[in-house]
Amino acid sequence: MSHNVAPAIVGSRRAAARRGLLLFLSLVAVFNVIFTTVVVKTGNTVWFVVLMWSVALASVICRLVLREGFGDVSFRFGGRRTFYVLLGAVVFPIAIGLVAYGAAWVTGLADYQSPPRGFLGALLLAATATTAVSCLFTLGEEIGWRGYMLTRLIDAGVPRPVLVSGLIWAFWHAPLIISGAYVVNSGGSKLLGLAGFVVTVVSLAFVIARVRLETGSIWPAVVLHASWNSVIQNAFDHASAGPGAGIWLGEGGALVAGVAVIATTLAWRGRWTTLRSPGDPLR
């Protein structure tokens, strides 16, 4: 009898995870259509925030309707190691920016232009205060993406769950990019920008998944997402100009996408424990 307990538990968890995923993705899709339409029609940035938090709302509805509880959102900090991971979450986009944008500036693929407060000042502000503010927005997405969807993909037995989570996250932005409400590659076509954006975001999703699962805490995912938005968009993008800048740089730029793939490959290496929450291995 004991030999049948574990398979029964796994099967029950898998079925529950699949129900949760189906409801979650359905709600996310509906909210995306509604709020993206409002964003495009009004141009009001407040609706961008509502769109981001709609992902969290979808996960909350799932937890309430399916009576899943909120424990595995994993708001717990996770100890001293999580603090070092948080520092790494801020450094990661800086490293990618220095390599990708630095290479473009040196080779002439894009022109360097000094921000009003100087590049170092802009970078310091982006990596600290602006990242902290950005966390208020990215928290809405991460409660849904890595606080709910990622662990459900794993529990549901979906092949390559991290890759799938990254693709869903990337293509969730597609309506905004195609509509022109969210510009990721002003130097090329919207489809080219979307392609580069997908590569970049899927790469970033692997790193975010690792810091979330290795620490068992959602906070490193929130901070990495926020620091990426802040550092790349507010520091490096503002320091770049020229006709080729949009093709090579930015979240849809070919050079940023390539460096992101290499950096993610290095960051994903090694063996590590996957945790649902601090001290609770993900099985």
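Laboratory data are not the source of any read-out in this text; all were calculated from the coordinates shown. Nothing here was measured: the structure is a model prediction, and the numbers come from that model. Don't worry about glycine lacking a Cβ; one is built from the backbone with ideal geometry, like all the others, and counts go over all protein chains shown.
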Inset, instruction - Using the Karplus curve 6.51 cos²θ - 1.76 cosθ + 1.60 with θ = phi - 60°, work out ³J(HN,Hα) for each residue of segment 269-279 in order, rounded to whole Hz, and write x for Gly and Pro. - result: 5, x, 9, 7, 7, 9, 10, 5, 8, x, x
Legend entry - Segments 230-236, 38-44 sorted - mean Cβ within 10 Å per residue, highest first: 230-236, 38-44
Legend entry - Phi to ³J(HN,Hα) by Karplus 6.51 cos²θ - 1.76 cosθ + 1.60 over segment 123-139, Hz, x for Gly, Pro: 5, 4, 5, 5, 7, 10, 4, 5, 5, 4, 5, 4, 4, 5, 8, 5, 4
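For the chain, give the magnitude of the charge dipole about the Cα centre (Cβ charges: +1 Lys/Arg, -1 Asp/Glu; no others), in debye to the nearest 20. Could you put the intermediate results ahead of the total?
Working: 21 positive and 10 negative charges, 186 e Å.
With Lys and Arg at +1 and Asp and Glu at -1, about 900 debye.
Under 14 Å from the Cβ of LEU204, count the other residues' Cβ atoms, weight Lys and Arg +1, Asp and Glu -1, and hand me the total.
0
Using 0.36 nm times the number of residues separating ASP111 and ALA15, minus their current alpha carbon distance, what extension gain do you get?
Working: separation 96, 0.36 × 96 = 34.56 nm, distance 5.31 nm.
Between ASP111 and ALA15, full extension yields an extra 29.2 nm.
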Inset, instruction - Would you mind checking which residues have amide H under 5 Å from SER240's amide H? H placed 1.01 Å from N; only 5 or more apart, or other chain. - result: GLN113
Legend entry - Cut-off under 5 Å, modelled amide H: who pairs with ARG276 long-range: LEU282
Legend entry - Hydrodynamic radius by Kirkwood, which averages 1/r over all alpha carbon pairs of segment 124-193, in angstrom: 14.2
Inset, instruction - Apply the Karplus parameterisation 6.51 cos²θ - 1.76 cosθ + 1.60, with θ equal to phi minus 60°, to every residue of segment 210-222 and state each ³J(HN,Hα) to the nearest whole Hz, in sequence, with x for glycine and proline. - result: 5, 5, 5, 6, 6, 8, x, 10, 7, 5, x, 5, 4
Inset, instruction - Could you work out the relative contact order of segment 148-283, using alpha carbon pairs under 8 angstrom and six or more residues apart, expressed as a whole percent? - result: 29
Legend entry - Candidate values (1) 114; (2) 128; (3) 207, label of the one derived for volume of the Cα convex hull per residue in Å³: (2)
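For an R0 of 22 angstrom, estimate the FRET efficiency from the Cβ-Cβ distance between PHE119 and ILE262 and round to the nearest 0.05. Don't skip to the end; give the middle numbers.
Working: r = 23 Å, r/R0 = 1.05.
The formula returns an efficiency of 0.40 here.
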